[in-house]
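Heads up: the structure comes next, in structure tokens.
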Amino acid sequence: MSELQIGFVLFPNLTQLDFTGPLQVLSRLPRSTTHIVAKTRDPVPSDAALALMPTTTFKDCPPLNLLCIPGGFGVDQAIEDEETMDFVRREGGRAQYVTSVCTGAFVLGAAGLLRGKRATTHWAYHHLLPRVGAIPEKARVVRDGHVFTGGGVTAGIDFAFTLMNEISGPQLTQTVQLGLEYDPHPPFDAGSPERAPKAIKSSADERYAHRIAAFEEVLGRVAPRL
């Protein structure tokens, strides 16, 4: 197999774990080169106290075999940024694997790459997937052909192991999983809307309500162009 060219797209105010979780896993793929791509090489601010350093720009990035789009509140601006979307369309149109984590699915969708495809995203935004031509499927990781989408934030790690298994098989995938000691045992069983206590779910719904309303306005501007 020739060297796999992996590209993660950065944009301001992305959720850093959407990017760094899959990066930690996929950077261990053999015979691969990872590119961290942005409009410029300037540090990109994330949603946490962490700035992320691109390794290349949209202009200079080589053709990618695997394109990955993280999510975050910065998706609103990303899907209205022409340079970002032109790059996603270009690379998504020729990549062997077209992928996203969390609300990064809407970047793929706004680029026309989810039309008629089954996909997932963060639970709070899941109902909006049809607005970008996708068929919503509630799962932590969804594959439809060469398109792989992961659910919210931490689902990006499961997503990355799913991709690794597809590319390099179960022996390497399990070896990397063990090396990273990926064996989650959270203190509460509240990580999905179906299992979270009602009071916790209501609190989370309130937290996302204004964000979803603002995001729907953005989709209203983008969707007519799809």
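The values are calculated or read from the model by the stated rules, or taken from the named source; none is laboratory data. The shown structure was predicted, so the numbers you read here are calculated from the model rather than taken from an experiment. Every residue, glycine among them, receives a Cβ derived from its backbone with ideal geometry; neighbour counts consider all protein chains shown. Each accessible area value is taken on the protein alone, full model and side chains, heavy atoms only, with ligands, DNA and RNA left out. Shrake-Rupley method; radii C 1.70, N 1.55, O 1.52, S 1.80 Å.
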Just to be sure before I move on: is VAL222 at negative phi, part of a helix (DSSP H, G or I) and touching an Asp or Glu at 6+ places or on another chain (Cβ under 6 Å) in the structure I sent? no
It is to be established whether one or more residues within the stretch 151-160 are of a type in the set (Asp, Glu) and closer than 15 Å to CYS102 by Cβ. yes
Subset of the stretch 194-203 [assigned to a helix (DSSP H, G or I) and either open to solvent by less than 100 Å² (accessible area, probe 1.4 Å) or in contact with a Phe, Trp or Tyr (Cβ under 6 Å, 6 or more places away or on another chain) (or both)]: ALA199, ILE200, LYS201, SER202, SER203
Out of GLU181, GLU216, GLU206, GLU166, report the one residue that is out of contact with any Gly (no Cβ under 6 Å at 6 or more places or on another chain), open to solvent by 60 Å² or more (accessible area, probe 1.4 Å) and either part of a loop (DSSP other than H, G, I, E, B) or at pLDDT below 95 (or both). GLU181
Tally up the residues in the stretch 117-138 that are open to solvent by 40 Å² or more (accessible area, probe 1.4 Å) and under 24 Å from ILE167 (Cα atoms), please. 4
Could you tell me whether any residue of the stretch 144-159 is open to solvent by 60 Å² or more (accessible area, probe 1.4 Å), touching a strand residue (DSSP E or B) at 6+ places or on another chain (Cβ under 7 Å) and under 30 Å from ARG221 (Cβ atoms)? yes
Kindly provide the set of residues from the stretch 178-203 that are among the hydroxyl-bearing types (Ser, Thr, Tyr) and either under 28 Å from GLN24 (Cα atoms) or in contact with a Pro (Cβ under 9 Å, 6 or more places away or on another chain) (or both), ordered by number. TYR182, SER192
Got a sec? Which of PHE148, PHE161 is more than 15 Å from GLY72 (Cα to Cα), outside any helix (DSSP H, G or I) and not aliphatic (A, V, I, L, M)? PHE148
Given the conditions (1) closer than 20 Å to LEU66 by Cβ; (2) part of a helix (DSSP H, G or I), report the number of the one that LEU128 does not fulfil. (1)
